[in-house]
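To start, the structure itself, in structure tokens.
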Amino acid sequence: MKPTSPVFTPARLGPCELRNRIIRAGAFEGMSPEGLPSERLIDYHRQLAAGGVGLTTVAYCAVAKDGLTFPDQLRARPEIEPGLARLAAAVHEQGAACALQIGHAGYFANPRATGSRPLGPSAKFCLFTGARARRATGAELVRLRDDFAAAAGLARRAGFDAVELHVGHGYLLSQFLSPYTNRRRDDYGGSFENRLRFVLEVTAAVRQALGEKRALLAKFNLEDGFRGGLTVDESLQVARALERAGVDALVPSGGFVSKTPFFMMRGEVPVHEMVENESSRLRRLGLRLFGRIFVQRYPYRDLFFFEQARRIVAAVSIPVVLLGGVRSLEQMERALAAGFTFVSLARPLIHDPALPLKLQGGQALASGCEPCNLCVAEMERGGIRCPLADRHSRQPPLTAPSPHV
Ligand SMILES: Cc1cc2nc3c(=O)[nH]c(=O)nc-3n(C[C@H](O)[C@H](O)[C@H](O)COP(=O)(O)O)c2cc1C
């Protein structure tokens with residue numbers, strides 16, 4: 001009999017145990033009309049759990065109204081607790097665990113969704129939204145910290161196993177870390193230590209609200225992906241500081257939504273489809289005119305964060321999750337051999353939520369996902385889906401691992 005792959009052995013994530021090493025990365029589902037978890041959202045994560053993941057992450061829940069990036073996006077408030085509790089129960093019934101990703105969009109929050117002027121570490125014009133953000137006051141920082149803690153408390157009460165704190169991708173906490181967006185001259189800006197301060201205050205508050213029985217993950221940037229942003233050397237220090245602040249696992253990623261959105265994904269930039277699906281007329285026009293110039297393309301390769309993320313593994317003693325272009329069982333095994341405890345996948349599981357079971361049962365060796373990124377263009381079209389999988393009638397073929405690393 002074939003020995004079990006280490007990918008399908010249990011492992012500890014802080015106080016929790018996951019049945020295997022595969023995590024569904026947070027990827028905006030677009031299934032929360034009026035900011036509430038819908039039956040579709042619950043069913044979507046039930047399917048992922050039934051498909052064999054160890055942990056599924058409910059994507060981006062804004063901790064406050066002024067942190068929204070889409071009008072119909074999950075927003076932390078007491079009304080969402082019953083829906084989240086049903087989602088957690090549905091996932092648990094299938095033997096998987098679930099995490100809630102919590103975050104705030106800061107200076108690139110969408111005024112159409114928030115109804116207010118965005119706020120960030122510093123006053124700054126954002127080309128992505130066409131709005132000029134204002135600088136958050138000291139009192140607002142206290143309120144935002146409390147909003148993060150309240151969202152974590154909500155996840156705990158709803159029965160979630162974990163919370164993923166969004167410290168990456170140019171969201172508010174990442175904006176504080178980045179010299180590009182943080183020009184403050186008070187205790188929260190300037191030196192690296194000061195830029196880290198707000199992140200650590202929020203992490204401490206979230207850790208406390210979550211209690212000892214739930215796991216805390218932090219997704220953060222290895223680099224922002226442009227000159228003048230956060231660098232890998234600084235990200236090593238961020239990782240160590242998050243470990244000291246009580247984070248149970250680290251998820252290194254990269255990129256800045258408002259500036260380098262495809263750095264975190266790599267591959268094709270489906271400008272035409274993004275124009276078609278954009279609901280804001282202004283953004284549609286901007287994309288049509290300047291999309292090819294402003295939305296930079298980064299060539300795809302498998303395991304695109306592997307080398308940089310290995311430096312994080314060497315720098316900390318808590319579990320590190322490999323994210324970014326993980327497609328095959330062989331790559332997952334290579335990641336575990338290199339010291340990562342888990343792997344995290346977004347697009348391959350959008351393509352086929354049953355991939356883990358297929359890998360485990362030998363029906364597949366790798367995902368059939370091509371990095372066409374059409375799923376990105378689908379985000380605002382009534383629920384995430386993979387147009388490619390739909391075309392292949394949801395029967396991805398047995399695919400050999402891709403030759404490149
Ligand atoms: C359609 C889509 C939506 C995404 N939404 C989120 C999100 O809400 N939060 C987040 O942290 N990352 C988000 N991501 C990024 C993924 O979590 C992940 O970092 C990236 O896709 C690389 O992983 P992959 O190669 O396995 O797709 C999204 C990615 C895609 C494709």
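When you check ARG195 against the structure, is it modelled with pLDDT of 95 or more, charged (D, E, K, R) and either within 28 Å of GLY211 (Cβ to Cβ) or out of contact with any helix residue (DSSP H, G or I) (no Cβ under 7 Å at 6 or more places or on another chain) (or both), yes or no? When the stated conditions are applied, ARG195 does not pass them.
Can you find a residue in segment 292-300 that is of a type in the set (Ser, Thr, Tyr), away from the ligand (no atom under 11 Å from the Cβ) and modelled with pLDDT of 90 or more? Within segment 292-300, one or more residues are of a type in the set (Ser, Thr, Tyr), away from the ligand (no atom under 11 Å from the Cβ) and modelled with pLDDT of 90 or more.
Out of SER328, SER317, SER279, SER258, one residue alone is hydroxyl-bearing (Ser, Thr, Tyr), at pLDDT 95 or above and over 26 Å from ALA209 (Cα atoms). It is SER328. Each residue in segment 145-159 was checked for being surrounded by fewer than 24 Cβ atoms within 10 Å (Cβ to Cβ) and either under 18 Å from the mean Cα position of the chain (by Cα) or assigned to a helix (DSSP H, G or I) (or both), and 9 pass. Within segment 15-45, the set of residues being surrounded by 17 or more Cβ atoms within 10 Å (Cβ to Cβ), part of a strand (DSSP E or B) and away from the ligand (no atom under 13 Å from the Cβ) comprises CYS16, LEU18. Screening the candidates LEU250, LEU222 for the property of being assigned to a strand (DSSP E or B), modelled with pLDDT of 90 or more, buried (at least 20 other Cβ atoms within 10 Å of the Cβ) and in contact with a Gly (Cβ under 7 Å, 6 or more places away or on another chain) yields one hit, LEU222.
Screening ALA152, ALA136, ALA162 for residues that are touching a strand residue (DSSP E or B) at 6+ places or on another chain (Cβ under 6 Å), of a type outside the set (Lys, Arg) and more than 23 Å from ILE318 (Cα to Cα) leaves exactly one candidate, ALA136. Within segment 62-111, the set of residues being within 16 Å of the ligand (Cβ to nearest atom), in a strand (DSSP E or B) and of a type in the set (A, V, I, L, M) comprises ALA62, ALA99, LEU100, ILE102. From the residues in segment 310-334 that are within 12 Å of the ligand (Cβ to nearest atom) and part of a helix (DSSP H, G or I), which one is surrounded by the fewest Cβ atoms within 10 Å (Cβ to Cβ)? Ranking the candidates gives GLN331 first.
Check segment 176-189 and report whether any residue there is within 16 Å of the ligand (Cβ to nearest atom), of a type outside the set (Phe, Trp, Tyr), assigned to a helix (DSSP H, G or I) and touching a residue at least 24 places away in the same chain (Cβ under 8 Å). The answer is yes; a qualifying residue exists.
The values are calculated or read from the model by the stated rules, or taken from the named source; none is laboratory data. Model, not experiment: these values are computed from the prediction. Backbone-built Cβ (ideal geometry, glycine too); neighbour counts: all protein chains shown.
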